[in-house]
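Working notes, structure below.
The values are calculated or read from the model by the stated rules, or taken from the named source; none is laboratory data. All of these numbers come straight from a predicted model, not from anything done at the bench. Quick reminder, even Gly has a Cβ in these numbers, built from the backbone with ideal geometry, and neighbours come from all protein chains shown. The accessibility values were calculated without ligands, DNA or RNA, using every heavy atom of the protein model including side chains. Shrake-Rupley method; radii C 1.70, N 1.55, O 1.52, S 1.80 Å.
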Amino acid sequence: MPARVTNRLRLVFVAAAAMLSGGCGAPDSGQTMRNTPVGGASGTELAAEQILTKNNGAEPQTLDPHRAEGVPASNILRDLFEGLVSEAPDGRLIPGAAEAWQISDDGTVYTFTLRVDGRWSNGDPVTAADFEYGFRRSVDPATLSQYSSILFPIVNAEQIVKGELPPDQLGVTALDDRTLEIRLIGPTPYFLGLLTHSTTYAVHPLSVEEFGARFVRAGHLVGNGAYILDEWVVQSHIRLLRNQNYWDDEHTVIDEVNYLPIENQDAMLRRYRADELDFTQDLPFKQIAWIREHIADQLYISPYLGSYYYSLNLTLPPFAGMPKLRRALALAIDREVLTEKITGSGEIPAYSWTPRVTGYTQQPPAWAGWTQAERNTEAQRLYKVSGYSADNPLTLQFLYNTSENHKRIALAIASMWKQVLGVETKLLNQEWKVFLETRKQKTMPGVARNGWIGDYNDAYTFTQLLASDNEQNDSGFANDEYDALLDAASAEPDMQKRAALMEAAERLMLEAQPIIPIYFYVSKHLIKPWVGGFEANIMDHHYTKNFYILKH
Amino acid sequence: MLRFALKRVLGAIPTLLVLIALAFFLIKAAPGGPFDTDRRLPPEIEANLQAAYNLDEPLYRQFGLYLGGLLKGDFGPSFQYRDYTVTELIAAGFPVSLRLGGLAMLLAFVVGVAVGTVAALKQNAFTDHAAMAAAMIGISVPNFVMAPLLVLVFAVTLKWLPAGGLGDWRNFVLPVVALALPQIAYIARLTRGSMIEVLRADFIRTARAQGLPQRAVIIRHALKPALLPVISYLGPATAAIITGSVVIEQIFGVPGLGRFFVQGALNRDYTLVMGVVVFYGVLIVVFNLIVDLVYGWLDPRVQYQ
């Protein structure tokens, strides 16, 4: 960390010197770009124009931190606001709006000390009362937050969200201007990580009260992040400029950042190639080969906190009460071939459910170590035991949402099942919202495509998904022992014991095979050679204040 | 003529009502709702959201509430862009679409008529065959193929023009051309056919017999009657430009109404989809009326009753 900061400081100094000596003119045109070495003669000279343009996937639904949900909005909100806790470029948790904190021995009371120099973008000091106001607004049903359930670990949060208690009963109290106390219902080891989420951000109370729902418009929005909202043209761009009042503004290099909502990945790639984008969010599978051949040095792939999996409908035949049949299907998928030939962008074959998260040991079953031939033999045995054969093959319905990528994977897996077991698979694709509805209803028997991106870097965000009362439990998996292990883990203050309980739960669940893990997601970015400051992290969170543009 | 216009406007009201009702019940019939995401909501939160947007009311009441709002000129809040009302979004998107569509229409008309006239004058010569072959290609290649091709050549390879987005006039060149191309082709073929017919008419022969120069014959006598089929095609052309812009705006990332419409439908943004449908409905009714009036000016035989 210190080495990086000095490096950045040096860059700033070089840029200032270059500007003083008049060495930097207007940025070069596209033609000369390719001939000029990036970063000038020293390789570290900054460009005179510090403008970063990123693709951001979908248009954010809102920039109200308490109502926002989804990756696109979160990316922008990380620049506009700063939570009590922030993240280093590599994903480590570092002080944000709070400079220090204390956690009680039982892990249920957090006391935060806000930094002295914390300022809103209009110059007002950031106080503990602002955070208290923010948390209360976040759980207030009148705010219409879609994500407030993430705050349920806080005392009374659930009751307030459900309208049973008023917002001022929330376990968040400003003890004085700079001290904030948060009381939890149980030890929640991932709570600090949660504080980087936008539902926990403070908002500027005066501007919320003056402008109501419109306080997030450009010109109204007052934030405490490194950037302020300059312009928002829906479906065109969102432009942020650096916030001169930000406490760490002297270390900010990028002056202007543009977020473009380009959902069509082919269009995105064309605009990246036309030098209209410096940074992309995702990539089309079918273009990966071209990218690897032509601009491999601009491709950044790293593990991401997500699992791609299939959920099997346990409430209907053929899967109800048939764990051996479910196992047979899980065994017959050659994940190495799939991730190498079909997805082909570094996805990690998954034999278990939870990706590699901090403080948790992954739980691959014994057969993860077998060869595919051994797996196939066992799959065929289990298939026969379940009462199916070449003469009496299993006929499966397979549901996925319309998308080229999902289709390619579904076709490959269906043909593996056909080859190894003789299963007849009927593929059915539905438009996104229709698909969500069908999957939720659990009225369609068979297999449904699924995926889960963790909310925070802790195994619980995955384990809880298969609890019998979880809305997201698309298989309909209901196991008392599993639920009991989860409850015990939630109440366990000792980190290692807690992890052991969740690991036991995962083993139990995988034994029943209500889901078939396929692969762990990776984050994929194309980044122009002149963009510096990028570091991969498992949450794929990137703060613009850590980036800089080299001379090119 | 004023009475005719008034009658047409009043006659459009039932049409619009049917349009609104159809669009309203169709989008409500689509499975899934605006608040469905891959991350499911706890039931209490979902109920709270549904109530805030009146989605918990019976369908006929929702329709009544929507119509009531429309009468007051209120399109309601957007479900997808929660910081904006539909009226604000249309006000932001329409000027962009209008510029894109208007320029494409102008380009299609001017170039189409010019190419068609030249082809008609050089009937069966090389110029004619070349122009008509190009037109055939223009009509048959769909714009979702043409647009990425244009980007690949002019933005990615030559780097003359931006590949998309909103900025100065340069950002408009490729989308306008991509949108206009099929219309240029169609209008050129229409003009050529009707021009050939007009050039064989007796009054043209008379004009020539009087010794008028070729230019005067074409511009003063032949063009006006030859344009009649083109003018009546302008109504359908507007519809084609509007539907075409839905695709073009997606490809070039132009923040116009077409893009709002597509995103709105995919996201079940009921109010935004309805708003765009109603807005375009009114627009097309008005435009058809204008075409009818222009037609009468061009062809004195047309009577308004």
Note on region B:264-281: residues within 11 Å of chain A (Cβ to nearest Cβ) and either out of contact with any Lys or Arg (no Cβ under 6 Å at 6 or more places or on another chain) or open to solvent by 30 Å² or more (accessible area, probe 1.4 Å) (or both) are B:264, B:265, B:266, B:267, B:269, B:272
Just need a number here: residues in region A:517-537 that are assigned to a loop (DSSP other than H, G, I, E, B) and open to solvent by 20 Å² or more (accessible area, probe 1.4 Å).
5
Counting only residues that are in contact (Cβ under 8 Å) with a residue 12 or more places away in the chain and open to solvent by 50 Å² or more (accessible area, probe 1.4 Å), which one in region A:382-410 is farthest from residue A:193 (Cα to Cα)?
A:390
Given the residues B:33, B:11, B:73, which is the only one that is more than 14 Å from chain A (Cβ to nearest Cβ), modelled with pLDDT under 90 and assigned to a loop (DSSP other than H, G, I, E, B)?
B:73
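Restricting to region A:267-279, name every residue that is facing chain B (nearest Cβ under 7 Å) and either part of a strand (DSSP E or B) or over 9 Å from residue A:55 (Cβ atoms) (or both).
Correct list: A:267, A:270, A:273, A:274, A:276.
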Is it the case that residue B:181 is more than 12 Å from chain A (Cβ to nearest Cβ) and crowded, with 21+ Cβ neighbours inside 10 Å?
yes
Count - residues of region B:292-305 that are assigned to a helix (DSSP H, G or I) and open to solvent by 20 Å² or more (accessible area, probe 1.4 Å):
6
Check off (1) hydrophobic (A, V, I, L, M, F, W, C); (2) modelled with pLDDT under 85; (3) more than 30 Å from residue B:18 (Cα to Cα) for residue B:302 and give me the number that stays unchecked.
(3)
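Within region B:169-204, track down each residue that is more than 22 Å from the chain's Cα centre (by Cα) and part of a loop (DSSP other than H, G, I, E, B).
Within region B:169-204, B:200, B:201 qualify.
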Would you call residue B:260 of a type in the set (Phe, Trp, Tyr), open to solvent by 30 Å² or more (accessible area, probe 1.4 Å) and in a helix (DSSP H, G or I)?
no
Can you give me the ranges of the helices (runs of 4 or more DSSP H) entirely in region A:455-516 with at least 1 residues that are under 21 Å from the mean Cα position of the chain (by Cα), at pLDDT below 95 and not basic (Lys, Arg)?
A:460-463
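Can you tell me which residue is farthest from residue A:139 (Cα to Cα) among those in region A:162-218 that are out of contact with any Gly (no Cβ under 6 Å at 6 or more places or on another chain), of a type in the set (D, E, K, R) and assigned to a strand (DSSP E or B)?
Filtering first and then ranking leaves A:176.
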Could you tell me whether region A:310-333 includes any residue that is open to solvent by 40 Å² or more (accessible area, probe 1.4 Å), within 14 Å of chain B (Cβ to nearest Cβ) and under 24 Å from residue A:520 (Cα atoms)?
no
Failed condition for residue A:290, given (1) outside any helix (DSSP H, G or I); (2) aromatic (Phe, Trp, Tyr); (3) open to solvent by 40 Å² or more (accessible area, probe 1.4 Å):
(1)
Residue pairs meeting the criteria (Cβ under 7 Å; at least 6 apart or on separate chains; first of a type in the set (Asp, Glu), in region A:47-68; second open to solvent by 20 Å² or more (accessible area, probe 1.4 Å) and in a loop (DSSP other than H, G, I, E, B))
A:49/A:27
From the list A:377, A:358, A:395, which residue is out of contact with any helix residue (DSSP H, G or I) (no Cβ under 8 Å at 6 or more places or on another chain) and over 21 Å from residue A:323 (Cβ atoms)?
A:358
Selection from region B:84-113 of residues that are open to solvent by 50 Å² or more (accessible area, probe 1.4 Å) and without any contact (Cβ under 8 Å) to a residue 12 or more places away in the chain:
B:88, B:91, B:95, B:98, B:106, B:110
Give the residues of region A:435-452 that are part of a strand (DSSP E or B) and more than 14 Å from chain B (Cβ to nearest Cβ), sorted by residue number.
A:447
Criterion (more than 12 Å from chain A (Cβ to nearest Cβ), open to solvent by 40 Å² or more (accessible area, probe 1.4 Å) and either among the β-branched types (Val, Ile, Thr) or in contact (Cβ under 8 Å) with a residue 60 or more places away in the chain (or both)) met by exactly one of B:205, B:189, B:200:
B:189
Residue check, residue A:512 touching a Ser or Thr at 6+ places or on another chain (Cβ under 6 Å) and over 19 Å from residue A:194 (Cα atoms):
no
Qualifying residues in region A:53-85 (those that are among the charged types (D, E, K, R) and within 12 Å of chain B (Cβ to nearest Cβ)) - the one surrounded by the fewest Cβ atoms within 10 Å (Cβ to Cβ)
A:69
Return the residue satisfying two criteria in turn: it lies in region B:118-172 and is in contact with a Ser or Thr (Cβ under 8 Å, 6 or more places away or on another chain) and open to solvent by 20 Å² or more (accessible area, probe 1.4 Å), and of such residues it is farthest from the other protein chains (Cβ to nearest Cβ).
B:118
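Listed here are the residues, each with its yes/no results for (1) away from every other protein chain (no Cβ under 14 Å); (2) over 20 Å from residue A:108 (Cβ atoms); (3) open to solvent by less than 40 Å² (accessible area, probe 1.4 Å).
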site	(1), (2), (3)
A:154	yes, no, yes
A:159	no, no, no
A:164	no, yes, no
A:171	yes, no, yes
A:182	yes, no, yes
A:186	yes, no, yes
A:194	yes, no, yes
Might you let me know whether region A:257-275 holds any residue that is under 16 Å from residue A:529 (Cα atoms), open to solvent by 50 Å² or more (accessible area, probe 1.4 Å) and hydroxyl-bearing (Ser, Thr, Tyr)?
no
Positions within region A:227-243 being open to solvent by 10 Å² or more (accessible area, probe 1.4 Å) and either in contact with a strand residue (DSSP E or B) (Cβ under 6 Å, 6 or more places away or on another chain) or at pLDDT 95 or above (or both), in sequence order:
A:228, A:229, A:230, A:231, A:232, A:237, A:239, A:241, A:242
Test for residue B:228: is it outside any helix (DSSP H, G or I) and either of a type in the set (Asp, Glu) or more than 14 Å from the chain's Cα centre (by Cα) (or both):
no
Checking residue B:41 against (1) in contact with a Ser or Thr (Cβ under 8 Å, 6 or more places away or on another chain); (2) over 30 Å from residue A:466 (Cβ atoms), the condition it does not meet:
(2)
